[in-house]
Amino acid sequence: MEVTQLTNSDYRINYHGTNIYSPRRLNVLIDGVSAYRSAFARVDWAALPVSIDDIQRIEVTRGPNSASYGPNSMEAVVNIITKDPQAVDGAAVRATAGSRDLGEGYARYAGSIGATRLRLSAEHTENKGFDRVTSFGNSGAFPDHDGIRTDRFNWRSTTELTAQDQVDLQFSLVNSKQQQVVADQYQVTYPDVGLRERDLSLTWRHTVSANQEFRVQAYQSEHKNREGWTECIPAFAFLPELGALWRANPDYVRTIIAGGQPSGDSAQDNALLLQALIAIRLRGAAALQTTCGNTNNDYSERRRDIELQHTYVFSNALRVVSGLGLRRDQAASATYLGGTVGNTTWRAFANVEYRPFETMSVNAGGFYQKDDLTGSPFSPRVALNKHLDANNTVRFVVSRADRMPDIIEQRANWSYLTTNMTPPVTSSGSAYFAQSALARGNLDAEKMLSREIGYSGNFPQYGLMVDAKLFDDHLTNLISERLTLDSFSPTNHGEARLRGAEIQADLDITTGWSVHAGYTRLNNRSNDPQEQTQYSKNSALLGVARSFDSGWRAGLSLYWAGAAPNGQSRYGRQDLTVSKTFRIARATLTPVLTVSHLSDRLTTSVYDIDRTVVNGYSDATRYAASIRVSY
């Protein structure tokens, strides 16, 4: 898994890397609800609506699997499963403090109300993030402005209506304040972000018999992002004549801003150029005078989704899961969309698990979707598992997946309105910046064909479990371009071939000792350098844990990823965690100390083909201490 942290709140996460600009080929689910925001093709990793204390386990499906996990399950799926209210009881609190003003507080209660089991939790987190973040000269070379404050509330309840019916209700709130360093080259204040999210989901399970079950899941997710700042720009950049020229010939406007005299294109463009130059000259010295005002990157998203799933077990050898779903996405932004845009998606899926022999199983599935903006792709998957014996299995997997373009890729109407201008350029005190972008709306779905040969082995006599695979992923129709106001020309011209090998192993050496290790070798060949902006040819991890009978536990984790010639630096981190558990009457008390060390204080990531982002810490070592009490 390629993980790049550009700022404290900006994580770029892909399975095998590729494009760092907008990692949009990975699906993230929290109890079956997608955290992937299809309107703007992103996952807000720093503000996910779940606390790490509420997570039971995280399952990572490596490779395409839309048939099981739904839309956008292209490169991989991260499936976060929270703790079932029936599996926890009582109260728990945790407090954490550490380097860079790290502060966290968490509280949870789980109990029963009649036939309902519930778990509710609240969490506050804050830290100052990096103390060195590239700002490209806008607010100082490395401003210390990267803090984040996040509040979360979660409710999950399970109600047994009858012996055959169960209802699961989940509700979450997230409020986050995120410091940002840069939005554009004209800013004079920081473009800090205020984020708010509200999620509600309801799942009903009806058991018909031991062989048959129906499940209906419905959810609504609302997300609001507020990001405003003050900018100061020469007044002529707001002239409508310059805006008309930009829409016809952006290069002419770039030349004017650079102080040059454009020429040489069509008569129509030259006529618009003349009108723009006349408008500038008529304003005289006032055209070059700087005017300041407020602008923003505000947007909001809403998703409503309902899905019916049917499971039927015909026999010990045959199991079928199928279903239908409907989703409505809506995005609103005066800046990015010029208003509100919606998209409706229908989907159907089926999975068949068949065991023709005791030593063989076949899993075949398909996922069909149709939306208003792009079309109707079909994503099939076939997996064959051959059990060599009780402890050794070989698997062969072929799958295809699609990523539908998001709303901004297909329907962008991008422009900046500056308000409260001083001195005013217009009588209203508001005006549009000359640059704008309009999507052509002709994009197709990105496609991926994945082939895998894998092996799983269990060697109980040695306490060893091994999983290895060779993979060959062919990605086509890729939308590789970095989309900006100055350059908004998305195409489906990108292509990448990802080949390599992965191996991971778990070893129980003796009682109390455990080791986990993993290594990935990746070869990325692409016709577009943008698809190599997040790329480590070699990456590895090693974890060693020791548990003692006295309640002490210690763990050491080592992470390493190689550098790339495109500007991405190497990454190395070492974490040491020590904890001790005490039993005091009915309470359990666990203090934890974590020490993290970075191999390099500063890391470099690709921001654009010719620019990089440098961030890091003045001190390579960080500390965190926490105490948890449960009863």
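Put +1 on the Cβ of each Lys and Arg and -1 on the Cβ of each Asp and Glu in the chain; which of 91, 488, 432 then has its Cα farthest toward the positive end of the dipole?
Working it through, the farthest residue towards the positive pole turns out to be 91.
Placing +1 on the Cβ of each Lys and Arg and -1 on the Cβ of each Asp and Glu in the chain, which of 609, 558, 65 has its Cα farthest towards the positive end of the resulting dipole?
Of the options given, the answer is 558.
Report the charge-dipole magnitude of segment 71-160 in Debye, nearest 20, computed about the Cα centre from +1 at each Lys and Arg Cβ and -1 at each Asp and Glu Cβ.
200 debye
In debye, nearest 20: dipole of segment 1-143 around its Cα centre with unit charges on the Cβ of K, R (+) and D, E (-)? List each step's numbers first, then the result.
Values: 15 positive and 15 negative charges, 48 e Å.
Its charge dipole is roughly 240 debye.
What is segment 96-239's relative contact order, in percent, from Cα pairs under 8 angstrom and six or more apart in sequence?
17 percent
Kindly provide the helix-only [θ] at 222 nm of the chain, computed as the sum of -39,500 (n - 2.57) over DSSP H runs of four or more divided by all residues, to the nearest 500 deg cm²/dmol?
Counting only the DSSP helices, I get -2000 deg cm²/dmol.
Throw me the Rg/Rh for segment 385-511, computed over C-alpha atoms with Kirkwood Rh, two decimals.
Result: Rg/Rh = 1.32.
Can you sort 302, 611 from fewest to most other Cβ atoms within 10 Å of each residue's own Cβ?
611, 302
So if I place +1 on the C-beta of Lys and Arg and -1 on the C-beta of Asp and Glu, and nothing else carries charge, what would the dipole magnitude of the chain be about its Cα centre? I want it in debye, nearest 20.
Value, rounded to 20: 740 debye.
Counting other beta carbons within 10 Å of each residue's own, what order do 421, 465 fall into, fewest first?
465, 421
Quick check: residue separation of residue 91 and residue 122 times 0.36 nm, minus the Cα distance between them. What number comes out in nm?
Residue separation times 0.36 nm, minus the Cα-Cα distance, leaves 10.0 nm.
Which FRET efficiency value, to the nearest 0.05, is calculated for residue 360 and residue 251 with the Förster distance at 51 angstrom and r the Cβ-Cβ distance?
Working: r = 62 Å, r/R0 = 1.21.
Rounded to the nearest 0.05, the efficiency is 0.25.
So for segment 441-580, averaging the separation of alpha carbon pairs under 8 Å that are six or more residues apart and normalising by length, what relative contact order in percent results?
16 percent
What's the lysine pair count for the chain at a Cα cut-off below 24 Å, pairs eight or more apart or interchain?
9
Using +1 at the C-beta of Lys and Arg and -1 at the C-beta of Asp and Glu, which of 450, 51, 413 has the Cα lying farthest in the positive direction of the dipole of the chain?
About the Cα centre, the residue reaching furthest to the positive side is 51.
Stretch residue 427-residue 544 to full length: gain in nm at 0.36 nm per residue minus the Cα-Cα span?
Result: 35.3 nm gained on full extension.
Bear in mind these aren't lab numbers, they're just calculated from the coordinates by the rules spelled out. A quick note: this is a predicted structure, and the numbers were derived from the prediction, not measured. Note that each Cβ is placed from the backbone with ideal geometry, even for glycine, and that neighbours are counted across all protein chains shown.
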